[in-house]
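What follows is a set of notes on a single structure, which appears directly below.
The values are calculated or read from the model by the stated rules, or taken from the named source; none is laboratory data. The structure presented is a predicted model; accordingly, all values stated were derived computationally and were not measured. Note that each Cβ is placed from the backbone with ideal geometry, even for glycine, and that neighbours are counted across all protein chains shown. Heavy atoms of the whole protein, side chains included, go into the accessibility calculation; ligands, DNA and RNA do not. Shrake-Rupley method; radii C 1.70, N 1.55, O 1.52, S 1.80 Å.
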Amino acid sequence: MAAINPSDLYLVDELFSEEERSVRDAVLKWVRARFLPLIEEHYEAGTFPLEVVPELGELGVFGATLPEEYGCAAVSATAYGLINQALEYGDSGLRSFVSVQSGLVMYPIFRYGSEEQRRRWLPLLASGERVGCFGLTEPNHGSNPGGMETRARPVDGGYLLNGAKAWITNGCLADVAVVWAKVGDGDGKSIRGFLVEKGMTGFATAEYRKKLSLRASVTSELFFKDVFVPTENVLPGVEGLRGPLSCLNQARYGIAWGAVGAAQFCYEAALRYGRERTQFDRPIAGFQLQQLKLSEMATALTRMQLIAWRLGQLKGEDRATPVMISLAKRDNVFQARRIARTAREIHGAMGIMLESQVMRHANNLESVYTYEGTHDVHHLILGEAITGLPAYS
Amino acid sequence: MRIVVIVKEVADTEAVISLKDGLPDLSATAMVNNPYDEYAVEEALQQADKLGDCTVTAVMVGREKSKENLRKILAMGVGEAVLIDDEALAGADPLQIAQVLKAAIEPLEPAFVLAGRQGVDYDWGLAPLALAELLGWGHVGLIAKLEITGSAFKAETEGDDGLLTFEGSLPAVFTADKSLNEPRYPSLKGIMQAKKKPLETKTLADLGLDAAAVGGAAAGLKLINCNYPPRKEAGRVIAGETAAEKAAALVKALREEAKVI
């Protein structure tokens, strides 16, 4: 029998270009050498290792698909996916940090911003000198963002912003928040994007503490009380819910890939542990019940890799629809969550220890399962697409 | 001015190596650049920055597939690369590799050559030393610091008894220890630029070498068998009510069973 790579049973590696593999390897190497030694301490303390942000900028992972003229690396959609995969091999919180900065802050500024806004923000966000966050979800509006209550009232020279945003990754850290709000007394069609800057009068943040998931990621609430946002800080290129939803598409695409990384880490850890841990004088990986688990994990990982790869191709050709991205986000995270939990089982008692890392991933994936569109809502998106019957309006 | 840095591929240090007929089967194993060589690359890049007007050339003995890893070296900032790819080199020993490297490197007329202290595959650490000998150049191994002034060098190594300082004249060969520097990560932009940099492939014939002499078939040193290290036995907990009892039981076990005291 030919030697096999247990983490690449379908030789998916060959489907990527050399450049894409090199990008992934560079990020993975950084994650292993620089990030993994830090994560335990930060996870326990409930902090994000801010010291790695300049290094991430140096690597070039922020807004990696955007053009070089804004300080970005202009890599392919697939390479961007592989970056997310490598980052989430480390921690879902790390991937979240980069996804938000790239897909939810740099992307809307690039796509809907004025040239002046692009030149002002993109190079600083690319280098990590500035951090951004994205405000869409509200305390009373999660799966139904169109119901948002945050409003921007037109005044001389700009808008007065009032309302609150909830569950905002990087909220307290951010120098700039891309905030979505309804204008005047308008409905969902009036939604505009506002660049709210740290220090603007009436803008406050509060951090969610005591989370049991994504502990190495800062999650915050944002509050706006008569915050004056000048006209030059409004994204001119988009109106309506289409704006924020197109950003979520970018982020969900990254999550579909990120899940592969978390799953791969957990599967590899379980495989290693199963081969090393001896009971009844033999490695536990030799027992049938454990082999079934490992075989199921390997099969699911292979499927996830193939879905991510195909989605990357389609995205590169600009043919990846929101429904395709939704399917990949939902199912890859679902599979990753199962793999992480099974990896914890295989580790036995060791599995509950932070040092074995797998339960950290399993806990993180609880958040990933319900953020950026819950698992259930993603089923409804596909349900509507294949039946033509919307289950919600 | 030119600095040559020698790079080789090794099996991914995270990979589980399978054996086939008593020899490592790397056919499905991911290969990476030898970690020690990355210290050599970093040093070459830093020295080139200091010296100015300096080309860094990476030289690797490998196969067509190795270009991917060689381009990662280019992505770190190295200017150009040479891949020596010849089927006959499978199984070549370090002395033969050194002969091949000599033929490739001598015409490049480098001011000096840098390499990692050893490959993390077999840990032999022989080829750079043999290369220095064949070239008739000076050699300092396991350097922790390097200063180049004109055609002179000063190199420090960390010996068992303290820091050793060597002075000599260029050209010379140095092998890098971990304490030399902190290798940079190739940036995504570097990776995108790497494909535009020159990468030349040469066969033994291109180098004017005879495969019958430097090929693996004529190797003087042959790997004939590999085994996995023996599995570690589980440890034993010494029982006892008090610390004194446990200590007594431990001493007894060390003396009578392990026979080490």
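Per-residue answers, yes or no, for (1) modelled with pLDDT under 95; (2) surrounded by fewer than 20 Cβ atoms within 10 Å (Cβ to Cβ); (3) not in a helix (DSSP H, G or I):
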{"site": "A:22", "(1), (2), (3)": "yes, no, no"}
{"site": "A:35", "(1), (2), (3)": "no, no, no"}
{"site": "A:42", "(1), (2), (3)": "no, no, no"}
{"site": "A:47", "(1), (2), (3)": "no, yes, yes"}
{"site": "A:54", "(1), (2), (3)": "no, yes, no"}
{"site": "A:57", "(1), (2), (3)": "no, no, no"}
**Complete:** Exception for residue A:33 within (1) in contact (Cβ under 8 Å) with a residue 24 or more places away in the chain; (2) within 10 Å of chain B (Cβ to nearest Cβ) falls at (1)
**Prompt:** Which ones in the range B:174-199 are open to solvent by 30 Å² or more (accessible area, probe 1.4 Å), charged (D, E, K, R) and either in contact with a Gly (Cβ under 9 Å, 6 or more places away or on another chain) or more than 26 Å from residue B:133 (Cβ to Cβ) (or both)?
**Reply:** B:182, B:184, B:189, B:195, B:196, B:197
**Top-ranked residue of the range A:1-20 - restricted to ones that are in a helix (DSSP H, G or I) and surrounded by fewer than 19 Cβ atoms within 10 Å (Cβ to Cβ), ranked as farthest from the other protein chains (Cβ to nearest Cβ)** = A:15
**Request:** Pick out the one residue from B:217, B:211, B:234, B:258 that is within 14 Å of chain A (Cβ to nearest Cβ) and of a type in the set (Gly, Ala, Ser).
**Result:** B:234
**Message:** List the residue pairs whose Cβ atoms are under 6 Å apart, where the first residue sits in the range A:1-27 and is outside the structural domain of residue A:79 (by TED's automatic domain parsing), the second is of a type outside the set (Val, Ile, Thr) and at pLDDT below 95, and the two are 6 or more positions apart or on different chains.
**Reply:** A:3/B:18; A:3/B:25; A:3/B:27; A:3/B:28; A:4/B:28; A:5/B:28
**Asked** Which of the helices (runs of 4 or more DSSP H) contained wholly in the range B:30-142 include at least 1 residues that are open to solvent by 10 Å² or more (accessible area, probe 1.4 Å), over 30 Å from residue B:189 (Cα atoms) and away from chain A (no Cβ under 14 Å)?
**Response** B:94-105, B:127-135
**Message:** Just to verify a result, which residue in the range A:291-312, among those that are aliphatic (A, V, I, L, M) and either under 24 Å from residue B:235 (Cα atoms) or free of Cβ contacts under 8 Å to residues at least 40 places away in the same chain (or both), is most open to solvent (accessible area, probe 1.4 Å)?
**Reply:** A:292
**Request:** Go through the range A:266-290 and give me each residue that's in contact with a His (Cβ under 6 Å, 6 or more places away or on another chain) and open to solvent by less than 40 Å² (accessible area, probe 1.4 Å).
**Result:** A:266
**Request:** At least 3 residues that are at pLDDT 95 or above and within 14 Å of another protein chain (Cβ to nearest Cβ) in each: list the helices (runs of 4 or more DSSP H) lying fully within the range A:67-133 that qualify.
**Result:** A:77-90, A:115-127
**Request:** Return yes or no: is residue B:202 closer than 30 Å to residue B:79 by Cα and within 14 Å of chain A (Cβ to nearest Cβ)?
**Result:** no
**Test result for residue A:236, more than 15 Å from the chain's Cα centre (by Cα), closer than 29 Å to residue A:191 by Cβ and open to solvent by 10 Å² or more (accessible area, probe 1.4 Å)** = yes
**Message:** If I filter the range A:348-359 for residues that are free of Cβ contacts under 8 Å to residues at least 60 places away in the same chain, of a type outside the set (Ser, Thr, Tyr) and buried (at least 23 other Cβ atoms within 10 Å of the Cβ), do I get at least one hit?
**Reply:** no
**Request:** Could you identify the single residue in A:126, A:174, A:152, A:164 that is open to solvent by 20 Å² or more (accessible area, probe 1.4 Å) and of a type in the set (A, V, I, L, M)?
**Result:** A:164
**Asked** Of all residues in the range B:143-173, how many are among the charged types (D, E, K, R), modelled with pLDDT of 95 or more and surrounded by fewer than 16 Cβ atoms within 10 Å (Cβ to Cβ)?
**Response** 3
**Complete:** residue A:363 passes all but one of the listed conditions (1) at pLDDT below 95; (2) assigned to a helix (DSSP H, G or I); the exception is number (1)
**All positions within the range A:143-176 that are out of contact with any Phe, Trp or Tyr (no Cβ under 7 Å at 6 or more places or on another chain) and of a type in the set (Gly, Ala, Ser)** = A:143, A:146, A:147, A:157, A:166, A:171, A:174
**Asked** In the range A:184-209, how many are open to solvent by 30 Å² or more (accessible area, probe 1.4 Å) and in a strand (DSSP E or B)?
**Response** 7
**Asked** Which of the residues belonging to the range B:178-199 are within 21 Å of the chain's Cα centre (by Cα) and within 11 Å of chain A (Cβ to nearest Cβ)?
**Response** B:182, B:183, B:184, B:185, B:186
